[in-house]
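Undergrad: There's a structure below that I have some questions on.
Readers should treat all values here as calculations from the given coordinates under stated rules, not as data from a laboratory. Given the structure is predicted, the values throughout are model-derived calculations rather than measurements. Here the Cβ positions follow ideal geometry from the backbone for every residue, glycine too, while neighbour counts run over all protein chains shown.
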Amino acid sequence: MDKIVPAPFGKWLILRRLCQFGILALFLASPWLGVWLLKGNLASSLVLERLPLTDPFIALQSLAAGHDLAATAVLGALIVAGFYLLVGGRAYCAWVCPINPVTDAAAALRRAFGLRATWKLRRQTRYWIAAAVVVASAVTGTIAWEVINPITMLHRGLVFGMGAAWVVVLAIFLFDLFAAKHGWCGHLCPVGAFYGVLGSASLLRVSAVRRDACTHCGDCFHICPEPQVINPALYGGASGVSPVITDRDCINCGRCLDVCGEDVFQFTTRFGAGHAPSSKQKNERANQK
Amino acid sequence: MALEGEKKRWPAAAGLSAMTRRGALTRLGRLFLAAVAVGAALADYGRRGRALAATAIRPPGALPEPEFLAACVRCGLCVRDCPYDTLRLAEMGEPVPVGTPFFLARDIPCEMCEDIPCVKACPTGALDPALTDIKAADMGLAVFVGVDRCYSFNGVGACRACFIACPVKGEAITMELLVKDGRSVFLPTVHAESCTGCGKCEKDCITEEASIKVLPRRLAQTDTGLAGRHG
């Protein structure tokens, strides 16, 4: 249990990093290329000078603050919301958010150095913070979270100029490293909470398709930033619980797919039980036995 | 890898059932209080974060400051579409709400593009799309602050850099003839109803510290209703 094993790299982790840094690169490279592939920042942007995208949580706060949001931003927010309704709300957290590599780095260091001490936070806290943010927006008449939001602060900093915003990012890194395991993204961030609620009915899910092959090695629990989502799907077979992970906290990062030695997990739709194992996988299983 | 005989109970599962056993109401109450505290702290921080430096001028068409902060998502699309690199987003630590667009007239003033690309770029309406004539823009108001420095007003020279720079030619700034200490001098005079606050006068002023400055109208102009009452 206490043995320190560095988590292996895997296909999904590499794809995720490519996606995160690719999006950032598109924002950064456009001024140099002279072609606006992506213009603006994660709060609101234009794809190829045409397609508007707006963060629906920021749009919601603006509406709560009493602003009559212009059509472009409303359309942009609907497009983004619709997209995450399909691919999983918190796919934003795993595949887009620039804070994710920061907190992932803190989690990796925690694992590498066996740092176990953690401040016990509640997973639900973030949902209350998200509600408080919307109320604060309505009360103050401002987009409340944007005065502090480390996501847009880091992303805007990288694209437009950082100023002292790195202090906020460093604070989150240190908080996750020393104060609380998966502290920020897993317990406090209201943006992730919003996307979680948004995507609670989303189509794309991780499923413990081959849960019968589970050896209880604990690798998936060890690596998962939201390990509470795995339990019912992985061990609920006897009580008839579906192997599909439907918990809104799951960020669809695919790390469980990467680390599982038995290929228990797969990306599926929320309705499907996933593909049958490929013939190659079947052969491998047969050989193992 | 060897298969283990039986399923273990994982800590996460144990934690879950322990949590459900604990008083759910107490837990909710505590979370609610925490949320209220976070909200209040955020509101307070946000209120202080509204401080806006007097020299920071908002882009054309910007809603009045309180409405602007409800509308601006700080995306920088106005900055990107400004052809003169006038606009920029406030970085953390600057005396402007972080991430919001502004310009410093003495550095790069607004060139008053006729098609107003920054307003067109704004996705939220924080820059009001109702502004279609740039001469109706109200970014601020130029104020003459050069009583002791202005070359023209002090009769040192025939400078009229601000008058020449002004894009609302002959309307927003006029040079008014005055007799001062027995000498004829020209006073740069701003006409509030025509000035758009573009800041070209401030940029071109030749004194080391500009003798004419653009300020947000809330600072630069006293209640216009008052003059009406006296009139």
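Undergrad: Considering only the other residues whose Cβ falls under 13 Å of the Cβ of A:Asp249, what net charge follows from Lys and Arg at +1 and Asp and Glu at -1?
TA: +4
Undergrad: With r as the distance between the Cβ atoms of A:Val139 and A:Arg270 and R0 = 35 Å, compute the FRET efficiency 1/(1 + (r/R0)^6) and round to 0.05.
TA: Values: r = 37 Å, r/R0 = 1.05.
After rounding, the FRET efficiency stands at 0.45.
Undergrad: Moving to a separate point now. Checking the table B:Lys169/B:Lys213; B:Lys120/B:Lys169; B:Lys135/B:Lys180; A:Lys39/A:Lys181; A:Lys39/B:Lys213 against a 29 Å threshold on Cα-Cα, which pairs fail? Could the numbers behind the result be given before it?
TA: Working: B:Lys169/B:Lys213 17 Å; B:Lys120/B:Lys169 25 Å; B:Lys135/B:Lys180 33 Å; A:Lys39/A:Lys181 35 Å; A:Lys39/B:Lys213 33 Å.
Violating the 29 Å limit, Cα to Cα: B:Lys135/B:Lys180; A:Lys39/A:Lys181; A:Lys39/B:Lys213.
Undergrad: Sticking with this one: In nm, give the distance between the simple-model label positions of A:Leu85 and A:Leu15, each being 7 Å from the Cα along the Cα-to-Cβ direction.
TA: Simple spin-label model gives 2.4 nm for this pair.
Undergrad: Separate question: Compute the label zone of B:Arg183 within segment B:153-171: residues whose backbone N is under 18 Å from the point 7 Å along Cα-to-Cβ.
TA: B:153-161
Undergrad: For chain A, what is the calculated [θ] at 222 nm in deg cm²/dmol (nearest 500), taking -39500 (n - 2.57) for each run of four or more DSSP H residues and dividing by its residue count?
TA: Numbers: 13 runs with 139 residues, N = 289.
For chain A, the value works out to -14500 deg cm²/dmol.
Undergrad: Here's another thing I want to ask about it. Compute the distance in nm between two label points, each set 7 Å from the Cα along the Cα-to-Cβ direction, one at A:Leu26 and one at B:Ala158.
TA: About 6.0 nm, to one decimal.
Undergrad: Please report the net charge: other residues with Cβ closer than 9 Å to the Cβ of A:Lys181, K and R +1, D and E -1.
TA: Details: positive: A:Arg110, A:Arg116; negative: A:Asp176.
Around A:Lys181, the surrounding residues sum to +1.
Undergrad: Please compute the length gained on full extension between B:Lys120 and B:Leu33, using 0.36 nm multiplied by the number of residues separating them and subtracting their Cα-Cα distance. List each step's numbers first, then the result.
TA: Values: separation 87, 0.36 × 87 = 31.32 nm, distance 4.28 nm.
This chain segment gains 27.0 nm when fully extended.
Undergrad: Taking amide H atoms as placed 1.01 Å from N in the peptide plane, list the residues 5 or more away in sequence, or in a different chain, whose amide H sits under 5 Å from that of A:Leu38.
TA: Those qualifying (amide H under 5 Å, at least 5 residues apart or on another chain) are A:Ser30, A:Leu48.
Undergrad: Looking only at other chains, what is the average number of their beta-carbon atoms within 10 angstrom of each beta-carbon in A:165-172? Spell out each step's value before the answer.
TA: Working: counts 5, 1, 2, 2, 0, 0, 0, 0.
What the average comes to for A:165-172 is 1.
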